[in-house]
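J.: Handing you this structure, nothing more for now.
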Amino acid sequence: MSLSDPLGDMLTRIRNAQRARHNSCVAPASNLRVNVLEALQREGYIRGYKREDVRKGISQLHIELKYAEGEPVIREIQRVSRPGRRVYSKIKELPRVCAGLGVSILSTPRGVLSDVEARAANVGGEVLCRVF
């Protein structure tokens, strides 16, 4: 089965698993997905992830979700830049998510960074998703 938006598929799997109160979820692996998960882990939205080989050339990501006092840490996760409409932002024009309580994840020339890290590095890029 081919997907037109693999990153959007992973974000939907995370969203659905947290609504169902699962401890973890599984998604097919890719380098972009791993980089986004690293950014989410650095910002404290997930406990961690593990890459596991299913068979030769095929691997999966096991994503451990995080809860605080029984409530999901991720209240809202949405894809911003889609295959049909790419969204780019200069660092000076990057809006704050929920008045700074959430983060945007960007694909920059320095790698996949959260908006806080991108502001510190003074680089803009493609806005992949918003997390609150």
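J.: Which of the residues spanning the stretch 103-132 are open to solvent by 40 Å² or more (accessible area, probe 1.4 Å) and closer than 18 Å to R15 by Cβ?
T.: R130, F132
J.: Starting from the stretch 54-67, take each residue that is assigned to a loop (DSSP other than H, G, I, E, B) and list its partners that are open to solvent by 70 Å² or more (accessible area, probe 1.4 Å), counting only C-beta distances under 8 angstrom and pairs at least six apart or across chains.
T.: K66/R47
J.: Out of the stretch 65-105, which residues are small (G, A, S) and within 17 Å of S24 (Cβ to Cβ)?
T.: Result: A68, G70.
J.: Would you confirm, using the coordinates I've provided, whether A39 is touching a residue at least 60 places away in the same chain (Cβ under 8 Å) and in a helix (DSSP H, G or I)?
T.: Yes, satisfied.
J.: Something else about it: If we scan the stretch 95-102, do we find a residue that is farther than 29 Å from A20 by Cβ and surrounded by 14 or more Cβ atoms within 10 Å (Cβ to Cβ)?
T.: Checked the stretch 95-102: no residue is farther than 29 Å from A20 by Cβ and surrounded by 14 or more Cβ atoms within 10 Å (Cβ to Cβ).
J.: Inspect the stretch 76-85 for any residue being surrounded by fewer than 18 Cβ atoms within 10 Å (Cβ to Cβ), in a helix (DSSP H, G or I) and touching a strand residue (DSSP E or B) at 6+ places or on another chain (Cβ under 9 Å) and give the result as yes or no.
T.: Within the stretch 76-85, not a single residue is surrounded by fewer than 18 Cβ atoms within 10 Å (Cβ to Cβ), in a helix (DSSP H, G or I) and touching a strand residue (DSSP E or B) at 6+ places or on another chain (Cβ under 9 Å).
J.: In the stretch 86-127, which residues are polar (S, T, N, Q) and not in a loop (DSSP other than H, G, I, E, B)?
T.: Selection gives S89, S104, S107, T108, S114.
J.: Any idea how many residues of the stretch 74-129 are at pLDDT 95 or above and touching a Gly at 6+ places or on another chain (Cβ under 6 Å)?
T.: 6
J.: Shifting gears a bit: So which residues in the stretch 43-64 are more than 18 Å from N31 (Cα to Cα), open to solvent by less than 80 Å² (accessible area, probe 1.4 Å) and out of contact with any Ser or Thr (no Cβ under 6 Å at 6 or more places or on another chain)?
T.: G44, Y45
The values are calculated or read from the model by the stated rules, or taken from the named source; none is laboratory data. As the structure is a prediction and not an experimental result, all values here were calculated from the model. Don't worry about glycine lacking a Cβ; one is built from the backbone with ideal geometry, like all the others, and counts go over all protein chains shown. Protein only, heavy atoms only, side chains kept; ligands, DNA and RNA dropped before computing areas. Shrake-Rupley method; radii C 1.70, N 1.55, O 1.52, S 1.80 Å.
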